[in-house]
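The values are calculated or read from the model by the stated rules, or taken from the named source; none is laboratory data. Note that the structure is a prediction, hence the values are computed from the model and not measured. Neighbour counts run over all protein chains shown; Cβ positions are idealised from the backbone, glycine included.
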Amino acid sequence: MSESRESIGLPDVAAMKRAGTKIVMVTTYDHPSARLASEAGIDLILVGDSAGNNMLGYDSTVPVTMDEAAMLTSAVARARPRSLIVGDMPFGTFQASDRDAVAGAVRLVKAGADAVKLEGAGPMVSRVRAIVDAGIPVMGHVGLTPQSATKLGGMKAQGQTAAAARHVLHDARELEAAGAFAIVLESVPARVATHISKILTIPTIGIGAGPGCDGQVLVWHDLLGINEGAAPRFVKRYAELAAETRRGLAEFAAEVRSGTYPASEHEYKIAGDELRAFEADLERTRRES
């Protein structure tokens, strides 16, 4: 467990870039996970729309609603983490208009977010500017943007040609100019991400974008081995909680079925005279009936 520190704020994130201190972000979605992340010294918590896949049983992030995002953000915020909380804006809550974007961002802030994140550039740059003008910090997201993965040809790396790399850089610079305080670079070649990180004055947070970014983010369920099976190449598992959880549950089931749990140390006691009085009451009731 890390030593207790003051809560992370936006000036701290900017200062970490200037100092060359790597920024650590984890995507998580609930109260106990937020508490543990904070105690471990995580700088930023992203309440991601990836909850759709990892918590809510959806096939993608697209079905996630603002009600769900706000509920998860509130759960994280109630842990009072020292980490800065970034609420992910779900698909459909900001694309239509600046007005919708600001309303959605306000909802997440009222739920407990310190900042919001939204995907894409181009028309979305206006959304970022409107939210920032409303006084809400925004984290951008370029490269692979899962909400628009179909348009990108699937969940594929971006920026793998010179033209595509220039496009990712252009998007990132537009978001910086619109007032974003940081940018996620997802599934971008490491050398491209390094150049972008050096060009921008705001921090870059990489996921599948190599070590040259100013920070890194992974999803809680991926890095702790809760998700099993095939994973993106950038995922490193730092624990195997699915296997340990399955083992614990199987042991519990076996002990219940064998009668070894609960044992005497798991019982609440009643004094002998109180038990005898209770049993006498039962016997009287039985005879009277």
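Observations on the structure shown:
- Residue among ALA115, ALA121, ALA105 that alone is in the same structural domain as ASP171 (by TED's automatic domain parsing) and in contact (Cβ under 8 Å) with a residue 60 or more places away in the chain: ALA115
- Residue match in segment 40-51 (condition: in contact (Cβ under 8 Å) with a residue 12 or more places away in the chain, farther than 23 Å from VAL235 by Cα and touching a Gly at 6+ places or on another chain (Cβ under 7 Å)): no
- Screening TYR238, TYR261 for residues that are surrounded by 10 or more Cβ atoms within 10 Å (Cβ to Cβ), outside the structural domain of GLY225 (by TED's automatic domain parsing) and touching a helix residue (DSSP H, G or I) at 6+ places or on another chain (Cβ under 6 Å) leaves exactly one candidate, TYR261.
- So GLY112, is it on the phi > 0 side of the Ramachandran plot and at pLDDT below 95: no
- Failed criterion for VAL219 (all others in (1) modelled with pLDDT of 95 or more; (2) in contact with a Phe, Trp or Tyr (Cβ under 8 Å, 6 or more places away or on another chain) hold): (2)
- Condition check for ARG99: in contact with a helix residue (DSSP H, G or I) (Cβ under 6 Å, 6 or more places away or on another chain), in the same structural domain as GLU174 (by TED's automatic domain parsing) and farther than 18 Å from VAL219 by Cα: no
- Hey, ALA178 surrounded by fewer than 20 Cβ atoms within 10 Å (Cβ to Cβ), among the aliphatic types (A, V, I, L, M), in contact with a strand residue (DSSP E or B) (Cβ under 9 Å, 6 or more places away or on another chain) and over 20 Å from GLY52 (Cα atoms) or not: no
- Taken over segment 33-56, the criterion of being among the aliphatic types (A, V, I, L, M), under 19 Å from GLU228 (Cα atoms) and either in contact with a strand residue (DSSP E or B) (Cβ under 7 Å, 6 or more places away or on another chain) or assigned to a loop (DSSP other than H, G, I, E, B) (or both) is satisfied by MET55, LEU56.
- Qualifying residue in segment 8-29 (condition: closer than 14 Å to GLY112 by Cβ, in the same structural domain as LYS117 (by TED's automatic domain parsing), surrounded by 15 or more Cβ atoms within 10 Å (Cβ to Cβ) and not basic (Lys, Arg)): yes
- Residue within segment 200-214 that is closer than 19 Å to MET16 by Cβ, touching a strand residue (DSSP E or B) at 6+ places or on another chain (Cβ under 6 Å) and acidic (Asp, Glu) present: yes
- Checking ASP100 against (1) modelled with pLDDT of 95 or more; (2) surrounded by fewer than 19 Cβ atoms within 10 Å (Cβ to Cβ); (3) in a loop (DSSP other than H, G, I, E, B), the condition it does not meet: (3)
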